[in-house]
Amino acid sequence: MVQRLDPLANDPLASAPPAFSDEAARQALDAGFGLTGSLTALAGERDQNFRVDTADGQRFLFKISNPADTLPILDMQTAALRHIEQVAPDLPVMRTLPGVNGEPWTEVPGPDGRTYPVRLFTFLSGRVTPNALLTTRAIQALGETSARVGRALRGFFHPAADYEILWDITHLPKLRPLLDHISGTARRAQVERVLDRFEDRVVPVLPSLRAQVIHADLSLDNVLLSDDLQVSGIIDFGDMTHAALVCDLAVSISDVLHGRDDAVAAAEVMIAGYTSVTPLDDEEADLLADLVAARLATEITVTAWRRGLYPGNAAYSASGEPGARDFLDRIEAAGPDAVTARFREACRGLPYRSAASGLLLERRRRALPRSPLFYDRPVHLVRGQGAWLFDPAGRRYLDCYNNVAVVGHGHPRVVRAVAEQQRLLATHSRYLHEAIVELAERLTSTLPPELDAVFMVNSGSEANDLAWRIARAATGHSGAVVTGFAYHGLTEATHALSPEEWAARERPAHVATVPGPDGYRGAYRREQEGWAERYAAQVDVAAAELGDRGVAAMFVDPACTAEGILVPPPGYLREVDRRVRGLGGLLIADEVQAGHGRSGSHLWSFHQSGIKPDIVVMGKPMGNGFPVAALVTRSELLEAVPEETELFSTYGGNPVACAAALAVLAVIEDEGLIQNSARVGSYLQAGLVALQQRHPFIGDVRGTGLLLGVELVEDPQSRRPAPGRAREVTEAMRDHGILLGTTGAAGNVLKIRPPLVFTPEQADLLLNVLGQVLAVTRG
């Protein structure tokens, strides 16, 4: 038995605790601190603690420390208390009092011949409270306190901070030599499973987590509460060490809540308290449940070992062990992965996760009666990360459709930029601020030099609306040309420019349409020489329809996204540009859907054609979810707009929006997302072509970068659209956790438009699931 303990012989827990008699303790108190009074023994695991009541009514804590806690360790604890007193004086921690030697401790001989350090502290009011009496608010306050102690210690370090003790859960694998002390084969096996999972999931990630000196023992034995269950005292810094910051929260969850019937749910409350002070990184959140289980396993194992080693101290050592067993049983019963997911979601502090989807849908229909939703069974989402979206139950969906989160949902760089700027200043653009100027300069640097004037607005619709105003003023004409199923916005002016949204017989008299350059099914096919230029020649036909109104502008989405992601060859836009200019009109490139690197070749998709539009409009993805849009034009075009006409939007170009847009541009460049769009888009397109060979009703696969269309038809000979089949596919893909959309005049084109952080592995997942769905699609 002794041989089995050799690997742990130097651990402080292997050292016998002090065993001073009351009289010997009084003598040590008098010798070390010149203080007399009545002593009341207090509980302790490896130290001996007394409450001291003096004749004049003062009260102190007298601690006889375990000799295993060396003098450098005592110095670290003393320095930490003084550090907290300086940086967080409102935290109720003990104050160290000097001895007769002027030092924070003195050494006295013990009854067993060993030398013991003794210390004196101020006494904190409050009491140790059973966890069954804790209210929700008290549990939340304990989480907040744990975070506050961590923040107070954030700038503290000491040479002895590498102090190792088995209670430090980062050293969980060192407990394996002690597992034989656990009685019961099933319990030993349970603890072994915790160790195995810890070594598999936690150990590889630990070195990358935030680490600092932490308290490491904020249990209910070391946190005193007042009668109204507020934290009134934080005691016993004896387990303090340098470790991952998240371990402090794991210890508090484990040691405060073990034995409660609602331990897992109560943990979510404590997590909310902690993260209200110190948010956790995703990596920390993902490991929290395993760290809690590690602490519970530590308590079970160390208690079993010490029960045999020091039977005289067994009552204190084993006081929390039954609760630890109960909590660990509850985690296993719920499933470690399920608890991990719950804790991870709690760490994110999601404010809208409790509403039942069915009830929420009814509420939405009442409050927002004309607000459309995707899918027969709308997807209820609460958060996103990268290319993934998550519902309240934690189920994830691969986002292959959303054009807004161009650099991925919740990109930390964009989130940080928005949060920091919101904290500093959030106002309109009539004040002088650097962000809007920097963003304007950054945008113009990506465009032809002639485009030198920038206007910041809130949406693509607003930008296109303003573009239309400028075009009419600059040309003196009042007619517009758009492709036959285009979409350019929802204001009154841009709705008129959006045939996709027109109701029957709603076509405005001042708008003429040209057929989209559909080389698959249209009047001119790809196999015909000059087919794209023949589509462009339709601009002259449209101009004739407009008659005396003349052509003020033609609005083009260079990828013809709403038309079915037609992505015409460069010759199309070049010929359109030539003809529009010949008619005295302006060419407006609407980059809201195809821009920001989605094409895989340039930041703006029109660059592939080598043209120089008169106006470029950008929106949707510009702020990665934060409302921001812009229009860039030639400054001389503005001379036709009366000086007294203000081209201004209250929230357009506000500092927060500009910070978001600048962060998006930086991420696209720094993370090489245009190149990723080309690489992964090419890989995905090749996979779709391979699917086409197996499924004849895939009539066409087309696109560029990460903007791809898959056209579904009744049969490859007739090429008749199959909108029913497309709808069936998107609904089935949704049920399999893949989000796609449809586009095109017939609604028969699958629209694939994922964030630019899309990976080959995610492309494989999309292709595999799509292949399965296509195999059973009836149409």
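At q = 0.12, 0.14, 0.17, 0.19 Å⁻¹, what is the log10 ratio I(q)/I(0) for the range 634-779, with the Debye formula run over Cα points and no solvent?
-0.63, -0.75, -0.91, -1.05
Roll a 1.4 angstrom probe over the protein heavy atoms and tell me the percent of accessible area of the range 490-614 that is carbon or sulfur. Mind dumping the intermediate values first?
Details: 2270 of 4800 Å².
Roughly 47 percent of what the probe reaches on the range 490-614 is carbon or sulfur.
Out of SER21, ALA55, TRP604, whose Cα points farthest toward the positive end of the dipole of the chain (charges: +1 Lys, Arg; -1 Asp, Glu; placed on Cβ)?
TRP604
Quick one: length gained pulling ASP452 to ASP90 fully straight, 0.36 nm per residue minus the C-alpha distance? Walk me through the intermediate numbers first.
Numbers: separation 362, 0.36 × 362 = 130.32 nm, distance 5.48 nm.
Separation in residues times 0.36 nm, less the Cα-Cα distance, equals 124.8 nm.
Kirkwood Rh, the range 177-282, all Cα pairs: how many Å?
Values: mean 1/r = 0.0628 Å⁻¹.
Evaluated on the range 177-282, it is 15.9 Å.
How about LYS620: which lysines have a C-alpha closer than 20 Å to its C-alpha, ignoring those fewer than 8 places off in the same chain?
Partners found: LYS751.
Once R0 is set to 22 Å, what does the formula 1/(1 + (r/R0)^6) return for the Cβ-Cβ distance between ALA419 and VAL379, expressed as a FRET efficiency to the nearest 0.05?
Working: r = 26 Å, r/R0 = 1.20.
Efficiency computed from Cβ-Cβ geometry: 0.25.
In nm, give the distance between the simple-model label positions of LEU490 and LEU368, each being 7 Å from the Cα along the Cα-to-Cβ direction.
Each label point lies 7 Å from its Cα, and together they span 0.9 nm.
Express the carbon and sulfur contribution to the solvent-accessible surface of the range 635-779 as a percent, rounded to the nearest whole number, probe 1.4 angstrom. Before the final figure, lay out the partial values.
Numbers: 2850 of 5730 Å².
C and S atoms contribute 50 percent here.
With a sphere of radius 13 Å drawn around the Cβ of PRO755, what net charge do the other residues whose Cβ falls strictly inside it have (Lys, Arg +1; Asp, Glu -1)?
On the way: positive: ARG598, LYS620, ARG753; negative: ASP399, GLU671.
Counting the neighbours of PRO755, the net charge comes to +1.
At q = 0.12, 0.15, 0.21 Å⁻¹, what log₁₀ I(q)/I(0) does the range 218-330 have when each alpha carbon counts as one equal point scatterer in the Debye sum?
Reported log10 I(q)/I(0), two decimals: -0.45, -0.71, -1.32.
Compute, for the chain, the length of the dipole vector about the Cα centre, with Cβ point charges of +1 (Lys, Arg) and -1 (Asp, Glu) only. Units Debye, rounded to 20.
Working: 75 positive and 96 negative charges, 374 e Å.
Dipole size: approximately 1800 debye.
Distance between Cα centroids, the range 730-776 to the range 404-432: provide it in whole Å.
30 Å
Once fully extended, how much extra length lies between ASP75 and SER718, figured as 0.36 nm per residue of separation less the alpha-carbon to alpha-carbon distance? It would help to have the intermediate numbers written out before the result.
Working: separation 643, 0.36 × 643 = 231.48 nm, distance 8.54 nm.
Difference between extended and current length: 222.9 nm.
Using only the alpha carbons, work out the radius of gyration and Dmax of the chain in angstrom.
34.4, 111
Which Cα, out of ALA243, LEU209, VAL269, lies furthest along the positive dipole direction of the range 196-309 (beta carbon charges, K/R +1, D/E -1)?
ALA243
Output the direction-averaged projected area (hull surface divided by four) of the convex hull of the alpha-carbon atoms of the range 195-247, in nm². Walk me through the numbers before you get to the answer.
Values: hull surface 19.5 nm².
Answer in nm², one decimal: 4.9.
Quick check: pseudo-label points 7 Å beyond the Cα along Cα→Cβ at ASP22 and ALA503, how many nm apart are they?
It works out to 9.2 nm between the two label points.
Karplus couplings for the range 34-43 from phi (6.51 cos²θ - 1.76 cosθ + 1.60, θ = phi - 60°), rounded to Hz, Gly and Pro as x?
Values, residue by residue: x, 10, 10, x, 7, 10, 10, 5, 10, 5 Hz.
Could you give the spread of the C-alpha atoms of the range 96-211 along their three principal axes, from largest to smallest, in whole angstroms?
Computed over the Cα atoms, the extents are 53, 45, 34 Å.
With the calculation restricted to Cα positions, what are the radius of gyration and Dmax of the range 14-88 in angstrom?
In Å, with Rg to one decimal and Dmax whole: 13.7, 39.
Would you please put 193-202, 504-513, 656-665 in order of how densely packed they are, using the mean number of other Cβ atoms within 10 angstrom per residue and starting with the highest? Intermediate results must be reported in sequence, preceding the final value.
Values: 193-202: 17.0, 504-513: 13.8, 656-665: 25.5.
Per-residue Cβ counts within 10 Å, averaged per peptide and sorted highest first, yield 656-665, 193-202, 504-513.
Only helical DSSP H runs with n ≥ 4 go in: add -39500 (n - 2.57) per run for the chain, normalise by residue count and round the 222 nm mean residue ellipticity to 500 deg cm²/dmol.
Result for the chain: -12000 deg cm²/dmol, rounded to the nearest 500.
For the charge dipole of the range 666-779, defined by +1 on Lys and Arg C-beta atoms and -1 on Asp and Glu C-beta atoms about the Cα centroid, which residue among GLY744, VAL757, GLY703 has the Cα displaced farthest towards the positive pole?
Comparing the listed Cα positions along the dipole, GLY744 ranks first.
How long are the three semi-axes of the equivalent ellipsoid for the range 412-454, computed from the Cα gyration tensor as the root of 5 times each eigenvalue, in whole Å, largest first? Let's see the in-between values first.
Working: eigenvalues 116, 42, 6 Å².
Value: 24, 15, 6 Å, ordered largest first.
For the pair GLU636/THR54, report the inter-label distance in nm, with labels modelled 7 Å from Cα in the Cβ direction.
9.0 nm
Report the charge-dipole magnitude of the range 664-779 in Debye, nearest 20, computed about the Cα centre from +1 at each Lys and Arg Cβ and -1 at each Asp and Glu Cβ.
Details: 11 positive and 12 negative charges, 88 e Å.
With only Lys, Arg, Asp and Glu charged at Cβ, the dipole is about 420 debye.
Which semi-axis lengths, in whole Å and largest first, follow from the square roots of five times the eigenvalues of the Cα gyration tensor of the range 457-549? Display every interim value, and only then the final one.
Working: eigenvalues 126, 50, 34 Å².
Equivalent ellipsoid semi-axes, largest first: 25, 16, 13 Å.
Once the Cα atoms of the range 115-159 are picked out, what are the Rg and Dmax in Å?
Taking only Cα atoms of the range 115-159, I get Rg and Dmax of 15.5, 45 Å.
May I ask you to give the solvent-accessible area per residue for the chain, in square angstrom, as obtained with a 1.4 angstrom probe?
Details: 32130 Å² over 779 residues.
With all protein chains present, the chain gives 41 Å² per residue.
Quote to one decimal, in nm, the extra length available between ARG201 and SER125 on full extension: 0.36 nm per residue of separation minus the C-alpha distance between them.
Stretched out fully, the ARG201 to SER125 stretch lengthens by 23.3 nm.
What accessible area, in Å² to the nearest ten, does a 1.4 Å probe give for ARG325?
Answer for ARG325: close to 80 Å² accessible.
If packing is taken as the average count of other Cβ atoms within 10 Å, what order do 148-155, 562-569 fall into, highest mean first? Kindly include the intermediate steps, with their values, before the conclusion.
Values: 148-155: 19.1, 562-569: 24.9.
Result, highest mean Cβ count within 10 Å first: 562-569, 148-155.
The values are calculated or read from the model by the stated rules, or taken from the named source; none is laboratory data. What you see is a predicted model, and the numbers here were worked out from it, not measured in a lab. Using ideal geometry, Cβ is built from the backbone for each residue, glycine included, and neighbour counts are taken over all protein chains shown. Side chains are part of the model used for accessible areas, which takes the heavy atoms of the whole protein and leaves out ligands, DNA and RNA. Shrake-Rupley method; radii C 1.70, N 1.55, O 1.52, S 1.80 Å.
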